[in-house]
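Let me begin by presenting the structure, written as structure tokens, before commenting on it.
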Amino acid sequence: MTGESQVQADDSFTPVTIPDLGEAGSVWRCEKLKDFERQMRMLGLENEPEFKALQRKIEEYTVELEDLWEKQRNCEAKWWQDGEYDAQRADGCNDAGMEWYAAKNWPEAFASFSEAIRLHPRSAVYHSNRSMAALKMKQYDVALEDAMHSIEMDDMYCKGYIRAGKACLGLGDPERAKGYFQHALDMVPGSKAALAGLDDAHRMKEQFSEEDDFHQRLADEGGRPALSRDDVDVESVSLTLVSVEEILKSNPRLESAMYHKAECLVLIGRYKEALLFIDTLRSGVERSYILAEGLWRSGRVEDALEVLQEFVVRNEKCLDLKTYIERLQRDIDIIQRYMDEEGEYGQAVLRCSELLESLSMSACSGLYRRLLRMRADAHCCRGSWLDAKTDLNLALSIYEEDVDALRSKADVLKQMGAYTEYFLSLQRLKTVSPNVPGLSALIMDAARLSLKYKDGESMNYADTQTKTASGPAAAFDVLGVSHGVPLSDVRKAYLKLAATWHPDKWSSGTDDELKNAEETFKVIQKAYNDICDSMFL
């Protein structure tokens, strides 16, 4: 072989990725358990009760170790723990930070104080100085965290309490701020900064009280601004929600903040949480308005109309909302009439599409999902299974725990002949809502169909193509994991399915249930072995 050909051979070589110690441990555990299972089969002991019990015990310990490793892997260290200890350099960085601070260059000061902390993390002064810079940049949450770290390092460092108090004021929490300023004043009687902070906290509390009285009057009259039906800036509203919740921690009955929180929850689509929180609001026009907003956006259009009946006569905002919701209800009723008439399913699809186009998905995601499910039903009535699956997948991409969409998707997959996906979809439904009536029987049915139509007989994409359900590729689908995931993830998925379908779990069931469990367990074991064999060839 020539030197040139040798170089070409070397260039085409792909090195094996060496896992970290945690990954290596996971692989070792999986292989040892796999070896144990093989040895049991070779010795004919796989059906012996004591060995089966031992196998289950090993599997339980393996799951515990995998969970422990996962927690350790995801454990985040403090941001400053990646530095090297050097007190002299840290002092220099702190001096540089003070110079930047004097020059009113707050970002550079913040960066210098950050480096000082990395080099000497136990210094209360450095944490307090970084808090001081964060206050100037109006990053009050960071400022409070740094001030609390400063107090943790030295609970007698007065400036740490002063800066914690200022950060609480920035977050709109005067009651908590008073506690920090009072603590500083107790430590240093006559402290001007602490006295000024206490005055600011008292003024903020009085201001909140005046604003709350004003907002109470607005709530009684329904005078708060109406919620937008256009696209929502979810990130901005979420940040507002965080700030409001901080205020409510110290002022839990501050009415203006309570309505603001309810509005934010509705706007970002957290409807279940929003409706529960709205129940805590004082009765009045505003409460009825925000309740109706939460209901129609979540898809409960009929309930929203019922809520508004009492207040439409004396409030323009509620009247406008009622008019809008009545129009939505008429459109939904028309769609339902088309669904009830054989041969009109195409019109139902068309009207659903028109209504969906008129709505902002981010502003009313619950109603949007409801209409997607209705359109999927119309597609099913026409036999357009792939279109129905597309709509249901979109609904699940909006909210992955949509029980109705999961149930409908399972039905569609069964009609398509995608029995492995049918089985996995029902497993997902069981995870989300284990009390669905008849779910166990459906899972048994899916397992039976998966077994009957294995080795290329099951269609994964109706009307387009067939796909062989054997070998490692299909095995990943059986276990419900993506192709190319680490063996540890494969192992975890296998253990969870095995824990459900191990025949011992079904020993108290009927003969048919036990037989189905045994067959399903064989499919799961085969899938896992196929993946392991492909990884270690």
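The one condition from (1) touching a Cys at 6+ places or on another chain (Cβ under 9 Å); (2) over 13 Å from Asn94 (Cβ atoms) that Glu115 does not meet is (2).
The set of residues in region 94-111 being over 35 Å from the mean Cα position of the chain (by Cα), open to solvent by less than 60 Å² (accessible area, probe 1.4 Å) and under 18 Å from Val142 (Cβ atoms) consists of Asn94, Gly97, Tyr101, Asn105, Ala109. Considering (1) at pLDDT 90 or above; (2) charged (D, E, K, R); (3) under 28 Å from the mean Cα position of the chain (by Cα); (4) open to solvent by 60 Å² or more (accessible area, probe 1.4 Å), the lone condition that Arg369 does not fulfil carries the number (4).
Yes/no per residue for (1) open to solvent by less than 30 Å² (accessible area, probe 1.4 Å); (2) modelled with pLDDT of 75 or more; (3) part of a helix (DSSP H, G or I):
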| position | (1), (2), (3) |
| --- | --- |
| His215 | no, no, yes |
| Leu218 | no, no, yes |
| Pro225 | no, yes, no |
| Arg229 | no, yes, no |
| Ser236 | no, yes, yes |
| Leu239 | no, yes, yes |
| Val242 | no, yes, yes |
| Glu245 | no, yes, yes |
| Lys249 | no, yes, yes |
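This table checks each residue for (1) assigned to a loop (DSSP other than H, G, I, E, B); (2) modelled with pLDDT under 85; (3) small (Gly, Ala, Ser); (4) touching a Gly at 6+ places or on another chain (Cβ under 8 Å).
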site	(1), (2), (3), (4)
Gln8	no, yes, no, no
Gln39	no, yes, no, no
Glu70	no, yes, no, no
Gln81	no, yes, no, no
Cys93	no, no, no, no
Ala96	no, no, yes, no
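Taken together, the residues in region 372-398 that are open to solvent by 30 Å² or more (accessible area, probe 1.4 Å), closer than 17 Å to Tyr271 by Cα and either touching a Lys or Arg at 6+ places or on another chain (Cβ under 6 Å) or touching a residue at least 40 places away in the same chain (Cβ under 8 Å) (or both) amount to 1. Within region 426-454, if we keep just the residues that are under 23 Å from Leu367 (Cα atoms) and assigned to a helix (DSSP H, G or I), the residue that is most open to solvent (accessible area, probe 1.4 Å) turns out to be Arg428. Restricting attention to region 366-379, does a residue exist that is in a loop (DSSP other than H, G, I, E, B), aromatic (Phe, Trp, Tyr) and within 29 Å of Arg224 (Cα to Cα)? No: zero hits. Give region 291-321 a look and list any residue that's under 30 Å from the mean Cα position of the chain (by Cα), free of Cβ contacts under 8 Å to residues at least 60 places away in the same chain and buried (at least 20 other Cβ atoms within 10 Å of the Cβ), or say none. Within region 291-321, Leu291, Ala292, Gly294, Leu295, Ala304 qualify. The single residue among Lys492, Lys505 that is of a type in the set (Lys, Arg), over 18 Å from Ile443 (Cα atoms), in contact with a helix residue (DSSP H, G or I) (Cβ under 8 Å, 6 or more places away or on another chain) and assigned to a helix (DSSP H, G or I) turns out to be Lys492. Residue check: is Gly172 within 26 Å of Thr280 (Cα to Cα), open to solvent by less than 20 Å² (accessible area, probe 1.4 Å) and part of a loop (DSSP other than H, G, I, E, B)? Criteria met by Gly172.
The values are calculated or read from the model by the stated rules, or taken from the named source; none is laboratory data. Quantities reported herein were computed from a predicted structural model and do not represent experimental measurements. Here the Cβ is made from the backbone with ideal geometry for all residues, glycine too, and neighbour counts use every protein chain on show. For accessibility, only protein heavy atoms count, side chains too; no ligands or nucleic acids. Shrake-Rupley method; radii C 1.70, N 1.55, O 1.52, S 1.80 Å.
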